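What follows draws every value from the coordinates through simple rules; no lab data is involved. None of the values given here were measured: they were computed from a predicted structure. Please note: Cβ atoms are built from the backbone with ideal geometry, for glycine as well, and neighbour counts cover all protein chains shown.
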Amino acid sequence: MSLAIQASVVPAPEDIGFLSQGIYKEALKKKSMRPIQRFGFFLKNEAGQTVGGVDGFCYYGCLYMDQLYIEEAYRGQGWGQKLVRDAEDFGVSQKCTMFTVTTMDWEAKGFYEKLGYVLEFSRAGYENQSMMHHLRKG
């Protein structure tokens, strides 16, 4: 049997699904873990266009918020806090006992700290002397 590695900057959903299913089977077999659950909450304007949102994963008792973004015109109105709370509520419904997020030093560390997140560690070495902060709640 001949094998070859094929690279893709836009992976096919079925290839990503293969990886997810393989990891799920191993987690179930070795630790009786539930499957990883994606989530997303989106802020829509009157025309139904997305102007903000949060997405991430619930995995193994942890909710991880991957991306939180709100267009500038809608910032400072409490939407970010509402999106984070909705994500956390979803995590609770999925039996998550902790919530995690990463944010770059030029993004929203103070925002998450105001919501009760605590810095676990920071990692240097990113472009332009940037640093990534890893925060946790619960």
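Entry note, the chain: the mean residue ellipticity at 222 nm calculated from DSSP H runs of n ≥ 4, each adding -39500 (n - 2.57), is -9000 deg cm²/dmol after division by the residues and rounding to the nearest 500.
Protection proxy ranking of 101-108, 66-73, by the mean of other Cβ atoms within 10 Å over each peptide's residues and highest first, is 101-108, 66-73. The lysine pair tally for the chain, using Cα distances under 17 Å and a gap of 8 or more places or different chains, is 8.
Using the per-residue mean of other Cβ atoms lying within 10 Å as a proxy for protection, in what order, highest first, do the peptides 50-56, 110-116 fall? Intermediate values should be presented prior to the final figure.
Details: 50-56: 18.7, 110-116: 14.7.
The peptides rank, most packed first, as 50-56, 110-116.
For the chain, the longest principal axis of the alpha carbon atoms and the long axis of helix 79-93 meet at an angle near 40°. The structure shown yields percent of Cα pairs over 28 Å apart, and of the options (1) 31; (2) 43; (3) 14 that calculated value carries the label (1). Placing unit charges on the Cβ atoms only, positive for Lys and Arg and negative for Asp and Glu, gives segment 35-137 a dipole magnitude near 320 debye about its Cα centre.
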